Each structure stands twice: as structure tokens, then as C-alpha cells.
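Beneath this line is the structure, given in C-alpha cells, with notes to follow.
No lab work stands behind these numbers, since they all come straight from the coordinates. Source: prediction; values computed, not measured. No Cβ is skipped: glycine too gets one built from the backbone with ideal geometry, and neighbour counts run over all protein chains shown.
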Ligand code: SAM
């Protein structure tokens, strides 16, 4: 069977006892970046071998991995941080497993958008998870679609594009729309700031934006 195992998004204490046990027990861990994951497993004293499984090779290797699983291997899939399949490789392998009758279990665990959404103080009863917007083609269409949604939406954004993204959001949502920038969640310099898009733009234009970012945008009033 395949275990999909979430790993910490910043704070190494954020891993479950079950995740550690599974990572120890499986014969092989598929990882996005084996060097990053080796450091993580070393930290927990886990010696399980790692093999690369990332967006550049997943199409080529997915069937071979499912062959191994179908012939009895028990493997785990992890990504560099958070839950595989959430803006990370995972979907292709899970789908291929289902098609071949291989059991898939995803452990509950860290992912960036849930703490961002919940800490934002914006409505979280119903929400839309968008992840990364396309950089060029289709970006404007997507922004307009999101702006018109009747519920909160969540974006992943790089620190280098945050200011540009806030400017674009102001055009489609209006300057007074409430939003939240959740930065460096679970890390030393965590910052969760909820205010209008205009105030967020002012705040983040003044400084050199660093770290990992989730943007949460409230629905229209
Ligand atoms: N699989 C991950 C998950 O479950 O959230 C997401 C991986 S995606 C490649 C990386 C993006 O997630 C970052 O660019 C950022 O938008 C968000 N992210 C990851 N860790 C974060 C953190 N500690 N604080 C804020 N955002 C984070």
C-alpha cells in the first residue's frame, strides 16, 4: 500500500507519532528532494532509504512505482514540506494507485493553508483553495473568477510576487476587501496580518518581503 505522509512546514515538532512510525516501517520513502528529506529523516533518527519522486520525473516513474506497490511493497510519499498533493506531487500517484487497486492512505498532518485560513479570522465555513496562480497565461481570468466567488479563497504566493499580487487583487476585488497575509507559519518570524488589501499593500511595500506566504481573501461584503 501507499502512505501519503505530511511533514512539517517549518516547526520540526509538527509531525505525528504515526507519521514517524510509518516512515520507519516502510521499505522506501519517495521524496521530492532527497537531500532535504534526508535531513528531515536524520533529525528523527529514521534510516529508511529515499528515492526521488518529483514534478520532473513523476510522469516517467509513476507506473513503475505502482508496479512495486501492486506486487506487495509498502511505500511512503512525502514532499519537501506539508501534505503531498497540495501544490506538490501526489495526485498522479494516488490516481494511478486507485486505478490499479492499490490501497492509499493519507495521514492527517501539516499543510500551510489550514492554519492560515483559520488564523486569518476570515470566514472559513466554506472556502476555495486555489494554490499558486499561473504566472502569465490565464492569470487575469483566474483573478477575476476568484474575486467574484461568494466565499473566502486561499492562494499560495512567493515573497517576490506578493506586492504585485496584492496590486492585482486590489484591481479585481477593490482596495477595501479584507484579506490576510500569513507568513512563515510555525516558524520563528511567523506573521499573520488581516486587514484591507490596501493596508496590506502599504505594509508589505515598506519592507523587504521574505519567507513563505499564504494569502487569504474574504468574500465581497
Ligand atoms: N504541500 C504544501 C502544503 O501542504 O501546504 C505546499 C507546498 S507549495 C510547493 C509551497 C508553498 O506553500 C509556499 O510557497 C507557501 O505559499 C506555502 N507555505 C509552505 N510553508 C509555509 C509556511 N511555513 N508559512 C506560510 N506559507 C507556507
Members of segment 111-131 found to be in contact with a helix residue (DSSP H, G or I) (Cβ under 9 Å, 6 or more places away or on another chain) and either free of Cβ contacts under 8 Å to residues at least 12 places away in the same chain or closer than 30 Å to residue 29 by Cα (or both), listed by number:
129, 130, 131
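Return the residues of segment 167-188 that are within 20 Å of the chain's Cα centre (by Cα) and touching a residue at least 40 places away in the same chain (Cβ under 8 Å); say none if nothing qualifies.
Scanning segment 167-188 gives 179, 180, 182, 184, 185, 186, 187.
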State all residues of segment 77-106 that are buried (at least 16 other Cβ atoms within 10 Å of the Cβ) and either more than 9 Å from the ligand (Cβ to nearest atom) or assigned to a strand (DSSP E or B) (or both); if no residue qualifies, say none.
77, 78, 82, 89, 92, 93, 94, 96, 97, 102, 104, 106
Here's a check for you: in segment 1-21, which residue that is buried (at least 21 other Cβ atoms within 10 Å of the Cβ) and outside any strand (DSSP E or B) is nearest to the ligand (Cβ to nearest atom)?
9
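Out of 51, 38, report the one residue that is assigned to a helix (DSSP H, G or I) and more than 16 Å from the ligand (Cβ to nearest atom).
Details: 51 fails: assigned to a helix (DSSP H, G or I).
Matching residue, one of 51, 38: 38.
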Only one of (1) crowded, with 19+ Cβ neighbours inside 10 Å; (2) within 16 Å of the ligand (Cβ to nearest atom); (3) not in a strand (DSSP E or B) fails for residue 164. Which number is that?
(1)
